[in-house]
Amino acid sequence: MARPENPELTVGIDIGGTSVRASVVDPQGRLLDTLRTATPPTSDSLEHCLHRLVAELQDRWAVGAVGVAIAGFLTPDRQVVRFAPHLAWREAPVPAILTERLGIPVFAEHDGNAAAVAELHFGAAAGGHNSLVLSIGTGIGAGMIMDGRIYRGSFGVAPEFGHLTVVPDGRPCSCGKRGCWERYCSGTALVDTVLELLASHHYPRSALAAESESDPGSLTGRRVAAAAADGDPAALAAYGDLARWLGYGLGMIADVFDPDLVVLAGGVGAASGLFLDDAREHYAAAITGSGHRSLARIRGTQLGESAGVIGAAQVARQGLAARAAGSQ
Ligand SMILES: [Zn+2]
């Protein structure tokens, strides 16, 4: 039997390229219960998966709405997912489809914006005026806060920094272009960089070198992070490369946006202790007029990999509140 709805609690769902995470979140941004599974390949199997996750959480908690964070282009009203490079939805009215299927109000948000909402309300961007929340994971998601509000652009797709070309004719990207920023600054980029380094340099004390020799397909971004924390020289060199590209990209963004604060979120951002000091130096050197202008503070996330689900849950809470205000 379904429990009565409780608008105080909402479910946030973060649909990433590799995994789906669903959490019950309270109004203070605290996680009460979390489920995680692999991202299904088709839109029907994904919708079925979301239904199953929410139903399981509803068995334990009374929730008022669901927020879904999606890595893709949404219309400015957030009613239609136009394109999501890692998901099957195309021109799909996802909130309506899921509201019907789940039997509970569902709201959608771009995943970068969801993380920015979470950091703004509960985390490292609290009090930020013109802030950038960069979610570095499988790729790069971003949310911009201008004058304290999420900036969406004219057609709902801003900002899409991950696919700025930083290396003409560089590494191929799933978006169809080459040399995109996220191909040099992400968890997947870390793996590619390690493999390139191992092919061109000799690292006699690297555990990653031994592992990739015995099973070349086994490396993951998480494994590179763990190896770097253990002092693996190939992993540390890959983080050095990531820090350089991060500083370079932030320099370009600062020349357009001039932020006062940059928060690094996502799986890679959550391990920012491995590269933050380096990235700050590269950023300070890359920015135009270096030495003669104020630099944005760059700090790691306070919410870790939970920023997406916390933000999605907050979007659901805001969506319910807006509906209630509209019906009065
Ligand atoms: Zn791309």
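Each residue of segment 79-84 in order: what ³J(HN,Hα) in whole Hz does its phi give by Karplus 6.51 cos²θ - 1.76 cosθ + 1.60, θ = phi - 60°, with x for Gly and Pro?
Coupling constants for segment 79-84: 9, 10, 8, 7, 7, 9 Hz.
Treating segment 126-302 as a set of equal point scatterers at the Cα positions, no solvent, please give the Debye-formula log₁₀ I(q)/I(0) at q = 0.14, 0.15, 0.18 Å⁻¹.
Each listed q corresponds, in turn, to -0.74, -0.84, -1.15.
For labels at Phe83 and Asn130 in the simple 7 Å Cα→Cβ model, what's the distance in nm?
Using points 7 Å along Cα→Cβ, the separation is 2.9 nm.
Compute a Gaussian network model of the chain, connecting alpha carbons closer than 10 Å, and tell me which residue from Thr301, Thr99, Thr42 fluctuates the most.
Highest fluctuation of the listed residues: Thr42.
Helix 276-286 against the longest principal axis of the chain: what's the angle in degrees, Cα atoms only, rounded to the nearest 10?
Here the helix axis deviates by roughly 70 degrees.
What per residue convex hull volume, in Å³, do the alpha-carbon atoms of segment 177-245 yield?
82
Using Cβ contacts closer than 10 Å as the measure, can you line up Arg52, Arg205, Arg223 from fewest to most?
Lowest to highest Cβ neighbour count: Arg205, Arg52, Arg223.
Summing Lys, Arg as +1 and Asp, Glu as -1, what charge do residues with Cβ under 14 Å from the Cβ of Arg21 carry, Arg21 excluded?
Its environment carries a net charge of -3.
With both partners inside the chain, how many of the DSSP beta bridges are antiparallel, as a percent to the nearest 5?
Of all bridge pairs located within the chain, approximately 60 percent are antiparallel.
If I model a spin label at Leu164 and Ala96 as a point 7 Å from the Cα along the Cα→Cβ vector, what separation in nanometres do I get?
Here the modelled spin labels are 3.6 nm apart.
Principal axis extents for the chain, Cα atoms only, whole Å, descending order, please.
Result for the chain: principal-axis Cα extents of 63, 50, 33 Å.
Most mobile of Gly187, Gly17, Gly176 per a Gaussian network model of the chain (Cα springs, under 10 Å)?
Largest GNM mean-square fluctuation: Gly176.
Given Val263, Ala92, Leu32, which one lies farthest toward the positive end of the charge dipole of the chain, if we put +1 on the Cβ of every Lys and Arg and -1 on the Cβ of every Asp and Glu?
It is Ala92, whose Cα lies furthest towards the positive end.
List the residues whose amide H sits under 5 Å from the amide H of Ser19, counting only those 5 or more places along or on another chain, with H placed 1.01 Å from N in the peptide plane.
Hits under the 5 Å cutoff: Thr39.
Mind checking the full-extension length gain between Thr34 and Ala199? Use 0.36 nm per residue of separation minus the Cα-Cα distance, one decimal, nm.
55.4 nm
Modelling each spin label as a point 7 Å along the Cα-to-Cβ direction, I'd like the Ala325/Arg149 distance in nm, to one decimal.
Here the modelled spin labels are 1.1 nm apart.
Apply the Karplus curve 6.51 cos²θ - 1.76 cosθ + 1.60, θ = phi - 60°, to the phi angles in segment 300-307 and return the couplings in whole Hz, x for Gly and Pro.
Using θ = phi - 60°, the values come out as x, 4, 9, 9, x, 6, 7, 4 Hz.
Can you work out the Karplus-derived ³J(HN,Hα) for every residue in segment 13-26? Use 6.51 cos²θ - 1.76 cosθ + 1.60 with θ = phi - 60°, whole Hz, and x for glycine or proline.
These are the phi-based 3J(HN,Hα) values: 10, 10, 9, x, x, 10, 9, 10, 10, 10, 9, 7, 10, 8 Hz.
For Arg171, enumerate residues with amide H under 5 Å from its amide H, sequence gap 5+ or separate chain, H modeled in the peptide plane.
Those lying under 5 Å, H to H, from Arg171 are Gly179.
We did not get these values from a lab; they are worked out from the coordinates using the rules stated. The shown structure was predicted, so the numbers you read here are calculated from the model rather than taken from an experiment. With ideal geometry, Cβ positions are generated from the backbone for all residues, glycine too; neighbour counts draw on all protein chains shown.
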